[in-house]
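Reviewing the structure listed below.
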Amino acid sequence: MNISPEKIIIVCILIFVSGFVDSIAGGGGLISLPAYFLTGIPVHNALATNKFSASLGTFIATVRFIRSGKIHFKSALISAAGALVGSFLGARLALAIDEKYLKYILVILLPIIAVFILTRKDFGEKDKAYLLSNVKIYALSAAAGFVIGAYDGFFGPGTGTFLILVFTGLIGFNLPTASGNTKIVNLASNVSALVTFIISGKVLFSLGIFTAICGILGNWVGSGLAVTKGGRIIKPMMVCVLCMLMAKIGYDLLV
């Protein structure tokens, strides 16, 4: 499949931005998928190639968070297991229920969540997870993974952002740790989907290799900022992602 050099350059730039945003606050797919669609490749190839570049980028971001000690491994792995189960059930649910009902709910909830984050000056600044017992942390992590995983399988956009919100607001992790935990969950779901796409032969490696390099660079830069700047960079980026998601949903409902 022939793609003009100009389009490849544009896509690569957008994938860098997507990786940067995703490594900090999740929601990179809101940028990367439309970028692949710009090339004119079939939808299944776009989804598969996006998953290829996203998986490699997320892996790099995950490694950086691990090296910084910003991941609570047990809760992250338990949440990842819950997300895999939830994603499967969410996908099955999507076959039975029209997703427009979820979109209506999100259009109402997203502005409320954004205002909540902006008005809570101490949101995610201090780690308060120590106030909970390990049993509660693991139970909440499993439940969070399952519910957000179901959302991912049913609808998808902004999954990483919602995971960060839950890890912070429900369990009490600070934003860097919540973001690090989210990378583990995202990596598990990305690799699971990627294996399926590779087996089906849908990944366009001729394009994906270039975009993956850009995605890795974006994730490297973004995760570095998330680790060093913490809530000062994660919090405003989360609000930006929520605004992008709200704009996408609003557009989908109007068109």
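The values are calculated or read from the model by the stated rules, or taken from the named source; none is laboratory data. Values in this document were obtained by computation on a predicted structure and should not be read as measured data. Heads up, the Cβs are rebuilt from the backbone with ideal geometry, glycines too, and the neighbour counts pull from every protein chain shown.
One table, with the values for the structure above:
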item	result
Matching residues, the range 223-255, being basic (Lys, Arg) and either under 17 Å from the mean Cα position of the chain (by Cα) or not in a helix (DSSP H, G or I) (or both)	Lys235, Lys248
Residue satisfying condition, being of a type in the set (S, T, N, Q) and farther than 17 Å from Ala61 by Cβ, within set Ser189, Ser133, Ser179	Ser133
Any hit, the range 34-46, residues being out of contact with any Pro (no Cβ under 6 Å at 6 or more places or on another chain), modelled with pLDDT under 90, on the phi > 0 side of the Ramachandran plot and not acidic (Asp, Glu)	yes
Selection from the range 1-29 of residues that are of a type in the set (Gly, Ala, Ser) and part of a helix (DSSP H, G or I)	Ser18, Gly19, Ser23, Ala25, Gly29
Residue list for the range 51-83, filter: in contact with a Lys or Arg (Cβ under 7 Å, 6 or more places away or on another chain) and polar (S, T, N, Q)	Thr58, Thr62
Matching option when the condition is among the polar types (S, T, N, Q), under 29 Å from Val115 (Cα atoms) and in a helix (DSSP H, G or I), among Asn190, Asn219	Asn219
From Leu187, Leu163, residue being under 20 Å from Val239 (Cβ atoms) and either within 14 Å of the chain's Cα centre (by Cα) or surrounded by fewer than 24 Cβ atoms within 10 Å (Cβ to Cβ) (or both)	Leu163
Positions within the range 48-61 being under 22 Å from Gly230 (Cβ atoms), among the β-branched types (Val, Ile, Thr) and surrounded by 24 or more Cβ atoms within 10 Å (Cβ to Cβ), in sequence order	Thr58
Hey, Ala96 aliphatic (A, V, I, L, M), closer than 27 Å to Leu47 by Cβ, without any contact (Cβ under 8 Å) to a residue 12 or more places away in the chain and surrounded by fewer than 20 Cβ atoms within 10 Å (Cβ to Cβ) or not	yes
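Quick grid of which residues meet (1) at pLDDT below 90; (2) of a type outside the set (A, V, I, L, M); (3) closer than 30 Å to Ala96 by Cα:
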{"position": "Leu163", "(1), (2), (3)": "no, no, yes"}
{"position": "Phe205", "(1), (2), (3)": "no, yes, no"}
{"position": "Leu225", "(1), (2), (3)": "no, no, no"}
{"position": "Gly230", "(1), (2), (3)": "yes, yes, no"}
{"position": "Ile249", "(1), (2), (3)": "yes, no, yes"}
{"position": "Val255", "(1), (2), (3)": "yes, no, yes"}
